[in-house]
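Trainee: This is the structure, below, for whatever I ask next.
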Amino acid sequence: MKPTAEVTMYETTEERQYLQEMLERSRSAATDHLQEIVTPDHSLSAQNLLPRLEGMKVLSLATVTRHGEPRVSAVDGHFIHGAWTFGTDGRSAKARHLAHRPAVSAAYIDG
């Protein structure tokens with residue numbers, strides 16, 4: 001059996017609790033269809049989720065052009081203190097989209 005790598009979590013107790021509550025709110029607000037797919041035995045608690053988010057992850061980030069057209073591109077994301085953070089070059093189209101329309105959708109899909 002391989003030794004488990006040391007995991008450093010940056011989240012405080014309060015941030016972990018907030019994340020757990022958010023996961024529970026999200027699940028309870030999901031449609032019946034989604035709740036049938038993502039059952040409790042296929043869900044992770046915040047405590048079990050956080051180690052899986054350690055380190056740099058590639059996120060699919062969706063922004064919107066001024067004409068309302070969706071654009072998706074990859075960004076390097078880090079989950080720290082209960083929130084995803086990412087950067088982009090200030091000259092990029094994505095940066096222009098974010099400056100004018102900061103609402104985004106981001107997805108991290110493991111594997």
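Trainee: Just in the stretch 5-111: which GluC sites (Glu not before Pro) are loop by DSSP and have at most 10 other Cβ atoms within 10 Å? Walk me through the intermediate numbers first.
Mentor: Details: sites: 6, 11, 14, 15, 21, 24, 36, 54; in loops: 6, 11, 54.
When the GluC sites (Glu not before Pro) of the stretch 5-111 are filtered for loop state and at most 10 Cβ neighbours within 10 Å, 6 remain.
Trainee: Say we join alpha carbon atoms closer than 10 Å with springs in a Gaussian network model of the chain; which of 59, 34, 49 then has the biggest fluctuation?
Mentor: Greatest mean-square fluctuation among the candidates belongs to 34.
Trainee: Which loop-located chymotrypsin sites (Phe, Trp or Tyr not before Pro) does the stretch 59-111 contain, where loop means any DSSP state but H, G, I, E or B and the Cβ has at most 14 other Cβ atoms within 10 Å?
Mentor: Details: sites: 79, 84, 86, 108; in loops: 108.
For chymotrypsin sites (Phe, Trp or Tyr not before Pro) across the stretch 59-111 that sit outside H, G, I, E and B with at most 14 neighbouring Cβ atoms in 10 Å, the list reads 108.
Trainee: Quick one: compute the contact order of the stretch 25-110, relative version, from alpha carbon pairs under 8 angstrom and 6+ residues apart, as a percent. The partial results should precede the final answer.
Mentor: On the way: 85 pairs, mean separation 22.6, N = 86.
Normalised by residue count, the contact order of the stretch 25-110 is 26 percent.
Trainee: GNM, the chain, Cα, under 10 Å: largest mean-square fluctuation among 60, 28, 73?
Mentor: Result for the chain, Cα springs under 10 Å: 28 fluctuates most.
Trainee: Roughly what angle does helix 13-29 make with the longest principal axis of the chain, taking Cα atoms, 0 to 90 degrees, to the nearest 10?
Mentor: Once rounded, the angle reads 80 degrees.
Trainee: Divide by every residue of the chain the summed helix terms, -39500 (n - 2.57) for each DSSP H run of at least 4, and state the resulting mean residue ellipticity at 222 nm, rounded to the nearest 500 deg cm²/dmol. Walk me through the numbers before you get to the answer.
Mentor: Values: 4 runs with 35 residues, N = 111.
Calculated at 222 nm, the ellipticity per residue is -9000 deg cm²/dmol.
Trainee: Scan the stretch 68-111 for trypsin sites (Lys or Arg not before Pro) in coil per DSSP, keeping those whose Cβ has at most 10 other Cβ atoms within 10 Å, and list them by number. Display every interim value, and only then the final one.
Mentor: Working: sites: 71, 91, 94, 96; in loops: 91.
Those satisfying the criteria are 91.
Readers should treat all values here as calculations from the given coordinates under stated rules, not as data from a laboratory. A quick note: this is a predicted structure, and the numbers were derived from the prediction, not measured. Please note: Cβ atoms are built from the backbone with ideal geometry, for glycine as well, and neighbour counts cover all protein chains shown.
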